[in-house]
1. If you check every pair at least six apart or on different chains, which have Cβ atoms under 6 Å apart with a residue in segment 4-18 that is in contact (Cβ under 8 Å) with a residue 12 or more places away in the chain and closer than 23 Å to Phe117 by Cβ first and a residue that is in a helix (DSSP H, G or I) and hydroxyl-bearing (Ser, Thr, Tyr) second?
Amino acid sequence: MNKFILLIFWIQILIYAFLIAYFLVPVSMRSSVFPFFALSGIVFSFLGIILVYLTKKQGIQGWLRKFLQLTGVCSAGVTVSVILHNLFYALAVLSIDISVFHFLFEILHTIFFLATFFVFMIGFLIGAIGSIVLFIKK
């Protein structure tokens, strides 16, 4: 296996830990590290895209390929979901006088918020744990 894939994988694990830790600190302390948080999220997504590409290019097969691709796709999906959540939240605020659109945008921003945590973050964790188990097994 390519050592570059391993490097990207472990960097993603570190960024994931930082992203989770960000939500565990008090809100008053978050504003000072927000630019680093936003940059970490973008890097997290790009590394996920690169991980999926390299996994496919290197010809990794079997369960390891599935777990690495799950890790990569979920890390890329986090940023997309966060952006869509914020977009639909802003549209819900702007359309507060138009009840049909307001209701639709409220539902959509809630769906993408929940998808960020319950689909992509947990999917990343499952892919990462599965990959680590298979790395150790080899």
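1. Filtered contacts from segment 4-18: Gln12/Ser75; Ile15/Ser40; Phe18/Ser40.
Residue by residue, here is whether (1) surrounded by fewer than 19 Cβ atoms within 10 Å (Cβ to Cβ); (2) in contact with a Ser or Thr (Cβ under 9 Å, 6 or more places away or on another chain) holds:
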position	(1), (2)
Arg65	yes, yes
Gly77	no, yes
Ile83	yes, no
Leu91	yes, no
Ser99	yes, no
Gly123	yes, yes
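Okay, residues lined up against (1) of a type outside the set (Asp, Glu); (2) at pLDDT 95 or above; (3) over 30 Å from Lys3 (Cβ atoms); (4) in contact with a His (Cβ under 8 Å, 6 or more places away or on another chain):
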| site | (1), (2), (3), (4) |
| --- | --- |
| Ser28 | yes, no, yes, no |
| Phe44 | yes, no, no, no |
| Lys56 | yes, no, no, no |
| Gly62 | yes, no, no, no |
| Phe67 | yes, yes, no, no |
| Leu70 | yes, yes, no, no |
| Val73 | yes, yes, no, no |
| Val82 | yes, no, yes, no |
| Val100 | yes, no, yes, no |
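The values are calculated or read from the model by the stated rules, or taken from the named source; none is laboratory data. Keep in mind that what you see is a predicted model, and the values were worked out from it rather than measured. Neighbour counts run over all protein chains shown; Cβ positions are idealised from the backbone, glycine included.
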